[in-house]
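Here the structure is laid out as structure tokens; the discussion comes afterwards.
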């Protein structure tokens, strides 16, 4: 009986075999199916890298667009404000030409010639920076480029055509900088003509 007891104590004191050793004994390697192969790991890394590169490219494009928009917005306002300089120069020229006292001045022509040079230089600078005048002569009214300020009765002109330019309009590249203020032709009202004839007859 003591011999059985000693054997039992010996079995109890003996350390239990490790799980991995037990698994290896059966020829089964747990966890191996869950481990990624080198090829799969490389493919996953490549996909992550491509996504990162695409995001960097998108950020670069957004940044470039923001810089371009900021520059164009600033230049647009600058160009629009500078149109007033050209307007004032042209108004001054017309006022000087129509001034009764200045008409008799022998130096008037020379003075106007200098103003014309300044005006041409300013227009040249505008054109170099893609600022161009909107043509109105013999043009049909277009709300995309023109703003009608009045209707002018004119039987000779086609209705809807521009017969008067009140203020020049300008484009900045393909963008409208300022619409041209114009007068548009319309047919004479028959009632007005009849009333006019009656008044003449009286």
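Take residue 115 and decide whether it is closer than 27 Å to residue 73 by Cβ and assigned by TED's automatic domain parsing to the domain that holds residue 72. Spell out how you get there, then give the answer.
Details: closer than 27 Å to residue 73 by Cβ: no; assigned by TED's automatic domain parsing to the domain that holds residue 72: yes.
Here the answer is no, as residue 115 does not meet what is asked.
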Open item on the list: Among the residues in the range 114-121, are any under 24 Å from the mean Cα position of the chain (by Cα), in contact (Cβ under 8 Å) with a residue 12 or more places away in the chain and exposed (fewer than 13 other Cβ atoms within 10 Å of the Cβ)?
Closed with: no
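Hey, can you tell me all the residues within the range 144-161 that are closer than 30 Å to residue 73 by Cβ and more than 20 Å from the chain's Cα centre (by Cα)?
Kept after step one, since they are closer than 30 Å to residue 73 by Cβ, are these residues of the range 144-161: 144-149.
Across the range 144-161, the qualifying residues are 146, 147, 148, 149.
For the range 95-108, which positions are exposed (fewer than 10 other Cβ atoms within 10 Å of the Cβ) and part of a helix (DSSP H, G or I)?
In the first step, residues of the range 95-108 are kept if they are exposed (fewer than 10 other Cβ atoms within 10 Å of the Cβ); the result is 98, 100-101, 104, 106-107.
Residues satisfying the conditions are 98, 104.
Please go through the range 116-155 and pick out each residue that is part of a helix (DSSP H, G or I) and within 21 Å of residue 81 (Cβ to Cβ). Full working, then the answer.
Looking only at the range 116-155, we keep the residues that are part of a helix (DSSP H, G or I), and these are 116-128.
Of everything in the range 116-155, those that are part of a helix (DSSP H, G or I) and within 21 Å of residue 81 (Cβ to Cβ) turn out to be 118, 119, 120, 121, 122, 123, 124, 125, 126, 127, 128.
The values are calculated or read from the model by the stated rules, or taken from the named source; none is laboratory data. Keep in mind it's a predicted model, so treat the numbers as computed, not measured. For neighbour counting, all protein chains shown are included, and Cβ atoms are generated from backbone atoms with ideal geometry for every residue, glycine included.
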